[in-house]
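Novice: Handing you this structure, nothing more for now.
Please treat every number below as a calculation from the coordinates, not as lab data. Keep in mind that what you see is a predicted model, and the values were worked out from it rather than measured. Please note: Cβ atoms are built from the backbone with ideal geometry, for glycine as well, and neighbour counts cover all protein chains shown.
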Amino acid sequence: MKNLMNFKNTKGFAFALACLVIGQVELKAQDKALMMVPETEDDFYKMISLPVPEDVILEVGGMATLPDGSLAICTRRGEVWIVSSPSISGSEKPVYKKFASGLHEPLGLAYKDGDIYVTQRSELTRLSDTDGDGQADVYDKIYSWPLSGNYHEYSYGPTFLPNGNMLVTLNVGWSNSLGHGVSLVPWRGWALEITPDGEMIPFAAGMRSPAGYGMNAEGDFFYTENQGDWVGSGRISHVEKGDFLGNAESLEWSDLSGSPVTLKKEDIPNTGEPMYDVAQRVSGLKAPAIWLPHGILGISTSGFLNDNTEGKFGPFANQVFVGDQGQSNIARVDFEKINGVYQGVVFPFREGFSSGILRMVWGNDASMFVGMTSRGWSSTGKELFSLQRLVWTGRMPFEMKTIKSKPDGFEIEFTEPVDKELAKDPANYQVTGFTYKYQAQYGSPVINNEPCDIIGVVVSEDGMKARLLVDNLRLGYIHEIKAEGVKSTEGKPLLHNVGYYTLNNFGAGEKIDQSPFLAARHEHEMLMKAVADSAAKAQADAEAKAKAAEAKKQAAATTPTAPKLAKNTTTMPAAWDGKADVTINMGTKPGLKFDPAQVQVKAGSKVKLVFQNVDDMLHNFVIVMPGTAIEVGEAAMKLGLEGQQKDYIPNTSKVLVNTKLLQPSESATIYFIAPTEPGEYTYVCTVPGHFYTMQGTLKVVK
Amino acid sequence: MNKKLILICCCLFIKAITSVAQDSPIPFEVLPLQSLSEFQTTGNNWQIVGDIYYDLDGGKSKTTSGVGVLLNTLQKGDNEALKTSFEHGDIELSLDFMMPKGSNSGVYLQGRYEVQLFDSWAEKDPKYSDAGAIYQRWDAGRGAGREGFEGHPPLVNVSRAPGLWQSLRIVFQAPRFDSNGKKVANAKFVSVYQNDVLVQKNIEVTGPTQAAFFEDEQALGPLVIQGDHGGVAIRNIKYKTYGSGKVTLKDMKLTYYDSIRSINDFAKAKPKGEMPIDVLAHLAPATRNEFSGTVEGSLEIPSDGEYFFHLNLAWVPDDTPPGNINGAGKLFIDDKEVVYVDGVTGKANGSTELTAGTHKIKLNYFKKYGHWYAPSNDITLTVEGNGVAKTALNVPLRADDPVGQIAVKVNDRAEMQRGFIMYDGEKRTHTVAVGEPGGANYAIDLSKGELLSVWRGDFVETTPMWYGRGETQLMLPMGNVIELAGKPSLAVLDSKDEAWPSGIDGFSYEGYKLKTNGAPIISYRIPGVSIQETFDTKESGKKLAHTLKVVVENEDLEIYSLIAQGTTIEKLPNGLYAIDDKSYYIELTGKQSPIIRDSADGLQELILPIKLIGKSGVVTYSIVW
């Protein structure tokens, strides 16, 4: 850019700038041609599907690796299968043997000292094979808890603690008539510590749907949470005895004997402030270590797996992988503990699994086994259930290995040395802070999102680290850190160029002197202002011209054309004289379905459509051009942080009509003119994870 | 237990009870069985008695004189069938029957179409000749060995043991004829339930059964009970016969509104439009969760009498809090309010006297908002009257989404399934169901050590657990369920007179081990006592032995076992105990001295003290049904 400073004539300068941009584009294209095919996740982590015998419904609820390398898997239909020789390749098949059956929807399994432990809906159970025939013959109750009979009272675990005790985590129920979670019996919404001989110690409260659980490399216990009431987005919380983790319903039982939690339901303000802020004044409420932005890194957080493979699974030793049921993907997490409080970063890791991920475990060969089920909720991966294996190919992906907090910004560590010139340019990064509402209402939009100025970047001598000096960092906020412009020394772009850092405390260490960056920037800003002014003038000129042309065209038209309706028209156009040609009632059905799945209208007719979201999650209704549902859905996903604020409606001509994003039990009415061209249009819910499945057909006829 | 918890459990219980379905308000005609004069003249093989005892193994039977039970005992020589004095066409019939060992009889609708009665106890592969079957037809012209045809075995064999009362409910439609006497519709068994389990559904019969009492087909005929094949006892014969008259609803007009929020708004609401309709459904433009309408029409009544109406608005769930209803409805006939669905539930009944001819009908209904778990917007109005079968009026064509049945099958090993199961209208959440290879199945509440029920046949349907989200998580027994005491099987009592406790302090379920056949040995503890519970099938599933072993810390404890509870408990001449009006038997082994006593809740109990030898004791008895 330096040579540009020589231009004096601003007009000529703008022209040169344009030429330069074009030149760069051409150059990029050439680079790519030399680099062959762009790299994908699959180049580094291969996905292998394990065959499952046709008569086995392997809806994975829990999974553990046995010392002999077999997998023990419990299923939602209450069976436990031993899958031996799971590390197949070629035409090999693993061997399935039924170990136990008749359990009540076990959603967690652990192995210890020769026995298998499962968590059924009502009970933590130890299964033993005492006669050595490979089948359990003793089903011992370790501890049992009450149930109300509500379907949503899922029970997960156990996790073995170093003292030999076990932790289980228990969902709250879901009240159909109230439209939110409820804790109808003790200890729904709690984690319980249970001794091997069946003593129970209430451990922590405030859980909603604690489907994932486990320990990090330091041996601290975490659980993963699903978006819903009191949970603005998926999150991972560090759980210590006595914690209250956010869902107020569970506090119904904090007065029972043995409860280490003293908060009451009425102590929890339902103000919609950020959870971190509420936690500052409500003692005992713990904000999460890491938020997973909803729709971007999952929609229903599940399995939690620490990478203890010591590098056999790639460069992410001691980091944590987190699954997602709805989006069939896995994210990668790196924690850091500052002032005794966890926080850290989450990156995309691998997508495209074939069903809804619930569990991950390490095989003895350090490959990752991923157990899945989507029954009842549907997922991006269409299979009802699946068992897949993820294997590191041994190739090094160019990734942000981790991001650490610094007193004045972040330090990104890469897996391979970076092109220092690119890496030190702040323009190749972008940081945005945002958070969610802490409220009894279901979910939350992104709130308070503000860009964070990147003052400067210092790249380490070895090119493995980039230290970002960042302004406007806010405690308790999630910081989206993009490094789109960074390349490796070989010119490779990052495989995933974004991470989300939840900042609970600033990291320790020396601050970097900002003054040289500020000085350089001042000079740069003066220059850029000149460029911008010129560009703005050009833009204004062009717009004025276009406007004039349009006005001319309008005037030339013989008949005034009817004003085109906005895509989300919520009041009846006056021109309709109070009458629509047809009224369509659209609803939802459990399992990501529209009801009805097909609607027929006359081309060009005036349509009133009432969309009622009767499901227990967020949905919108979007009519798109034929065959573009996935394209529009993917564009909605690319809205990223702004997705929920924009009701997941991407700005594209493929979208013809849309409602806003509806809460459970909410309804919305829209008015539109049916397409004049007959054909089969699609209506789709563009919420990430929903759009692959949740589609219907709008048949437009003459 | 925590107080809140108790409160919640009570609420759930009350809810379950209020949702029990309503029976028809039209009383059945009853044959009092005071004397044989209630029937056409018959042979001396028939008699009226007060009670009958048939021995399980076919030993000597014993009658008790009295009235109320119709008894057929085969005589040497003449054995005749028993024909009713009345003739019937369409009929809904219900009766109890009891078979002596190995016996064969049958109920002939119109004297022509036979539902077979047979001692089919524990038959695994029921045929057209087993109980609950529609017996085959016969045509010699089909050639030797092929004469029999169109027999219909029961969908499932739910027969109980000889000497036990069993129930039979039949809904039958007579054949239809045109004015020339030509048959235009076959006779049809709409449904047959044996022991409350569906064994036949929508079976048309093309002509009289083999060896029917009439060879032709007619609009009317007597009900006949076969008397020449074997002994049988019958009681509680009840029926409703229906003529050809039907209630019809015509000339319907729907007036629809915009802003109805309460049932009282209809009087003042301004209609938004009107349209003619032909089915009972909200067909006017509206949203699926907000609509209101008034249907007016003409109700044609075939004959004078009292008519009973039942209105169901499917969008109103059964558990709506009264202050927050999502809809309601009211039915008027000739401007008189007959049925009011108040919105706390979606269902209500009402009745009114009507004369033959045309009446004015008006139905107001509204929906304010929807619940995803009550997605249907069906409006179902049914009517019935004396001689007029229950009919749903002007039903639109619709079908639910197809969902295939999911079930757990029992093969050569016992199967177990943990889950929720209904007992006495209440959802039990800590239960296990066990299916034994012989076809005997049972359910236990593990959290309380209570034996809930037994049934024979297939094991459990699990669709409500394993389809979609599994909203109810219920296991459904696939057979004829006998609900047992549902109280703790063992208790420590101060004396034999102390009331049986409804729960045991300090009771704890411990787990189970599997026997080699896959059935469980269940362990429990109560303070000072450890308990092991096992079940064994005997005589290929005909009997289920229930064994409880105890080991005590202190030999002074008086431990009792609750063997059975029921309205009646009789000791029979063969040593068995017949429980609950001969619903099932208890068979004790060895020299045990049970106590029959009155329970606190007005029933009878059979309890047995457990004799301790040293620190251990055992009780075993068999449930026979």
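Novice: Do me a favour and compute the ellipsoid semi-axes for segment B:486-612 from its Cα gyration tensor, root of five times each eigenvalue, largest one first, whole Å.
Specialist: Working: eigenvalues 107, 87, 34 Å².
Semi-axes, largest first: 23, 21, 13 Å.
Novice: At what distance in angstrom do the alpha carbon centres of segment B:68-97 and segment B:473-501 lie from each other?
Specialist: Using only Cα atoms, the two centres lie 37 Å from each other.
Novice: Rg and Dmax in Å for chain B, alpha carbons only: what are they?
Specialist: For chain B, the Cα radius of gyration and maximum Cα-Cα distance read 27.8, 86 Å.
Novice: Would you be so kind as to identify which of B:P153, B:Y242, B:N180 lies farthest towards the positive end of the dipole of segment B:150-278, taking Lys and Arg as +1 and Asp and Glu as -1 on Cβ and the Cα centre as origin?
Specialist: Toward the positive end, the furthest listed residue is B:Y242.
Novice: Relative to a virtual label point 7 Å from the Cα of B:E296 in the Cα→beta-carbon direction, which members of segment B:262-282 show backbone nitrogen distances below 14 Å?
Specialist: B:267-277
Novice: State to the nearest 20 debye the size of the charge dipole of chain B about its Cα centre, where the only charges are +1 on K and R beta carbons and -1 on D and E beta carbons. Walk me through the numbers on the way to the answer.
Specialist: On the way: 64 positive and 78 negative charges, 215 e Å.
Once rounded to the nearest 20, the dipole reads 1040 debye.
Novice: Rounded, prolate or oblate: which fits segment A:154-242 when a ≥ b ≥ c are the square roots of the eigenvalues of the alpha-carbon gyration tensor, with rounded for a/c under 1.5 and prolate only if a/b beats b/c? Display every interim value, and only then the final one.
Specialist: Working: a/c = 2.70, a/b = 1.47, b/c = 1.84.
Taking the square roots of the gyration eigenvalues as a ≥ b ≥ c, segment A:154-242 is oblate.
Novice: Let me have the relative contact order for segment A:569-664, percent, based on Cα pairs under 8 Å that are six or more residues apart. Let's see the in-between values first.
Specialist: Working: 120 pairs, mean separation 26.2, N = 96.
It rounds to 27 percent for segment A:569-664.
Novice: Averaged over peptide A:163-176, how many Cβ atoms belonging to another chain are found within 10 Å of each residue's Cβ?
Specialist: Numbers: counts 0, 0, 0, 0, 0, 0, 0, 0, 0, 0, 0, 2, 1, 7.
Taking all residues of A:163-176 together, the mean is 1.
Novice: Would you report the distance distribution of C-alpha pairs in the protein assembly as shown as whole percents per 10 angstrom bin, up to the bin with the largest distance?
Specialist: With 10 Å bins starting at 0, P(r) equals 1, 7, 13, 17, 18, 16, 12, 7, 4, 2, 1, 0, 0, 0.
Novice: Quick check: pseudo-label points 7 Å beyond the Cα along Cα→Cβ at A:A317 and A:A427, how many nm apart are they?
Specialist: In this crude spin-label approximation the distance works out to 4.0 nm.
Novice: Kindly list the residues of segment A:111-151 that lie in the label zone of B:D319, defined by a backbone N under 11 Å from the point 7 Å along the Cα-to-C-beta vector.
Specialist: Within reach of a label on B:D319: A:148-151.
Novice: What full-extension length gain, to one decimal in nm, is calculated for B:L603 and B:Q218 as 0.36 nm per residue of separation minus the Cα-Cα distance?
Specialist: Working: separation 385, 0.36 × 385 = 138.60 nm, distance 4.77 nm.
That pair, B:L603 and B:Q218, stretches by 133.8 nm at full extension.
Novice: So if we plug the beta-carbon distance of B:E353 and B:S530 into 1/(1 + (r/R0)^6) with R0 = 60 Å, what FRET efficiency do we get, rounded to 0.05? Please report the intermediate quantities before stating the final value.
Specialist: Numbers: r = 66 Å, r/R0 = 1.10.
Once rounded, the FRET efficiency stands at 0.35.
Novice: Between B:D505 and B:K268, 0.36 nm times their residue separation minus their Cα-Cα distance comes to what? Write out the running numbers ahead of the final one.
Specialist: On the way: separation 237, 0.36 × 237 = 85.32 nm, distance 6.01 nm.
Once the chain is fully extended between B:D505 and B:K268, it gains 79.3 nm.
Novice: Fewest to most neighbouring Cβ within 10 Å: what's the order for A:D307, B:D55?
Specialist: Going from sparsest to densest Cβ surroundings: B:D55, A:D307.
Novice: Would you please give the FRET efficiency between A:I57 and B:S37, computed as 1/(1 + (r/R0)^6) with r the Cβ-Cβ distance and R0 = 41 Å, to the nearest 0.05? Intermediate values should be presented prior to the final figure.
Specialist: Working: r = 62 Å, r/R0 = 1.51.
FRET efficiency, A:I57 to B:S37: 0.10.
Novice: Now, a different point. Return the calculated 222 nm mean residue ellipticity for chain A, to the nearest 500 deg cm²/dmol, obtained by summing -39500 (n - 2.57) across DSSP H runs with n ≥ 4 and dividing by the residue count. Mind dumping the intermediate values first?
Specialist: Details: 6 runs with 92 residues, N = 702.
Only helices count here, giving -4500 deg cm²/dmol.
Novice: State, in angstrom, two size descriptors of segment B:264-369 derived from its alpha carbons: Rg to one decimal place and Dmax to the nearest whole number.
Specialist: Rg then Dmax for segment B:264-369, in Å: 14.4, 41.
Novice: Show the residues, 5+ positions off or on another chain, whose built amide H is closer than 5 Å to the amide H of B:A212.
Specialist: none
Novice: Taking the Cα centre of segment A:374-474 as origin, sum charge times position over the Cβ atoms of Lys and Arg (+1) and Asp and Glu (-1), and report the length of that vector in debye to the nearest 20. Walk me through the numbers on the way to the answer.
Specialist: Working: 13 positive and 14 negative charges, 131 e Å.
The calculation lands at about 620 debye.
Novice: So for the pair B:D51, A:N505, with labels modelled 7 Å out along Cα→Cβ, what separation do we get in nm?
Specialist: 8.1 nm
Novice: Filter the chymotrypsin sites (Phe, Trp or Tyr not before Pro) in segment B:28-96 down to the DSSP loop ones having no more than 16 other Cβ atoms within 10 Å, then list what survives. Could you put the intermediate results ahead of the total?
Specialist: Values: sites: B:F28, B:F39, B:W46, B:Y53, B:Y54, B:F86; in loops: B:F28, B:Y54.
In loop regions of segment B:28-96 (DSSP not H, G, I, E or B), the sparsely surrounded chymotrypsin sites (Phe, Trp or Tyr not before Pro) are B:F28.
Novice: Calculate the length of the line joining the C-alpha centroid of segment A:79-125 to that of segment A:505-534, in whole Å.
Specialist: 57 Å
Novice: Continuing with the same structure: Toward the positive end of the charge dipole of segment A:94-169, about the Cα centre and with charges on Cβ (Lys, Arg +1; Asp, Glu -1), which of A:G134, A:F99, A:N165 goes farthest?
Specialist: Positive-most Cα among the choices belongs to A:N165.
Novice: Need one number: nm distance between label points at A:I201 and A:K579, each 7 Å from Cα along Cα→Cβ, rounded to one decimal.
Specialist: 7.5 nm
Novice: In segment B:408-439, which residues have a backbone nitrogen under 18 Å from the label point lying 7 Å from A:K98's Cα in the Cα-to-Cβ direction?
Specialist: Residues B:408-419, B:432-439 qualify, since their backbone N sits under 18 Å from the label point.
Novice: For the protein assembly as shown, what is the charge dipole size about the Cα centre, in debye to the nearest 20, if Lys and Arg each add +1 at the Cβ and Asp and Glu each add -1 at the Cβ?
Specialist: 3120 debye
Novice: Need the full-extension length gain, B:D556 to B:R469, defined as separation in residues times 0.36 nm minus the C-alpha distance. One decimal, nm.
Specialist: On the way: separation 87, 0.36 × 87 = 31.32 nm, distance 5.08 nm.
Length difference between fully extended and current span is 26.2 nm.
Novice: Just want the answer: with Cβ charges of +1 for Lys and Arg and -1 for Asp and Glu, which residue in B:Y585, B:Y512, B:A81 is farthest toward the dipole's positive end in chain B?
Specialist: Farthest along the dipole direction, towards plus: B:Y512.
Novice: Something else about it: Give me D for segment A:446-547 in µm² s⁻¹, whole number, from Stokes-Einstein with Rh from the Kirkwood sum over alpha-carbon pairs, 10 °C and 1.306 mPa s. Please list the in-between numbers first.
Specialist: On the way: Rh = 17.1 Å.
Reported coefficient: 93 µm²/s.
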